[in-house]
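The next block holds one structure in the form of structure tokens; read it before the comments.
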Amino acid sequence: MANYEEETASTKLAAFIEKNKKFFIAAIVIIICAVIGYIIAASVMNKATAKNLQALDEIVFELTDKSSDLEEAEVETRRQTAIEKASAYVKKGGITGARANMLCADLTYQQKKYSESAEYWKETAKKAKKSYLAPIAYFNLAACNEELGQTDEAAANYKIAADSKDFVMREHAMFSYARVMETKGDYTEASAVYTELNDKYSDSEWANLAKSRLIALKNDGKIQ
């Protein structure tokens, strides 16, 4: 994370970034369920694929059914069971493999097994490279890279997500990429992306955050 000029603004900004990053990753199971309907409608699937997707649906259902009142130990047991069951599908091709890897990636991230989660996200990106699921995978892979202290890898993967024009979280990815470049000391690149974000998405919360970073960088004498 970058160091912020004003302590109060810094605290709020850091909390906002962290809250949104973790929310996005923690909510990926819900995203999977939401996007799969579109994928099914847009694809001609054979019976085997349909059967596999149904099996994954059942795994997600067992994971989430009446889970709100469970103790953490019980939730963890469900996570591990879901990972074990979904592992039978991670090596399959197409949407089945992509979805199984997404599920395992999310759950291992929740377990703070960031290296394992990163590997699952890499596989998701490979299997879904021609779909809009790919930038989701790269974005979350970058988040894992950050947790692992892999700054260069995080920057590269955030940039892939940020360069995907149809990515629904593109503003977030752009800001995250610029933030990591700022951490790396590349203030020229960071300011260029912050400026682009502000110019293209001026009404978004991420653009507002970008403005604050540009002001801070100028005040600190890091950019003109």
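The values are calculated or read from the model by the stated rules, or taken from the named source; none is laboratory data. Being a predicted model, the structure only gives us computed values, none of them experimental. Here the Cβ is made from the backbone with ideal geometry for all residues, glycine too, and neighbour counts use every protein chain on show. SASA here: full protein model, heavy atoms, side chains in, ligands and nucleic acids out. Shrake-Rupley method; radii C 1.70, N 1.55, O 1.52, S 1.80 Å.
Laid out as a table, the results:
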| read-out | value |
| --- | --- |
| Inter-site label distance for A48 and K211 at 7 Å from Cα along Cβ, in nm | 5.5 nm |
| Dipole magnitude of region 54-159, debye to nearest 20 (Cβ charges: Lys/Arg +1, Asp/Glu -1, about Cα centre) | 760 debye |
| Check: region 76-224 dipole with +1 on Lys, Arg Cβ and -1 on Asp, Glu Cβ, in debye | 580 debye |
| Rounded accessible area of V90 (nearest 10 Å², 1.4 Å probe) | 20 Å² |
| Residue among V75, G97, F139 farthest towards the positive dipole end of region 50-200, charges placed on Cβ | G97 |
| Segment K126-N219, extension gain: residue separation times 0.36 nm, minus the distance between their alpha carbons | 29.3 nm |
| Karplus-derived HN-Hα couplings along region 143-157 (A = 6.51, B = -1.76, C = 1.60, θ = phi - 60°), whole Hz, x at Gly and Pro | 4, 5, 4, 5, 4, 8, x, 8, 5, 4, 5, 4, 4, 4, 6 |
| Residue-level accessible surface for D152, protein heavy atoms, 1.4 Å, Å² | 100 Å² |
| Chain lengthening between K112 and V168 when straightened (0.36 nm per residue, less Cα-Cα) | 17.6 nm |
| Among the listed pairs K130/K211; K92/K159; K66/K130; K66/K129, those beyond 31 Å (Cα-Cα) | K130/K211; K66/K130; K66/K129 |
| Listed residue (F167, S202, G185) projecting farthest to the positive dipole end of region 136-216, Cβ model | S202 |
| For region 56-65, Karplus couplings with θ = phi - 60° (6.51, -1.76, 1.60), whole Hz, Gly/Pro x | 5, 4, 5, 5, 5, 4, 4, 5, 9, 4 |
| For L63, net neighbour charge (Lys/Arg +1, Asp/Glu -1) across residues whose Cβ lies under 12 Å away | -4 |
| Contour minus Cα-Cα distance for D69 and D203 (0.36 nm per residue) | 44.4 nm |
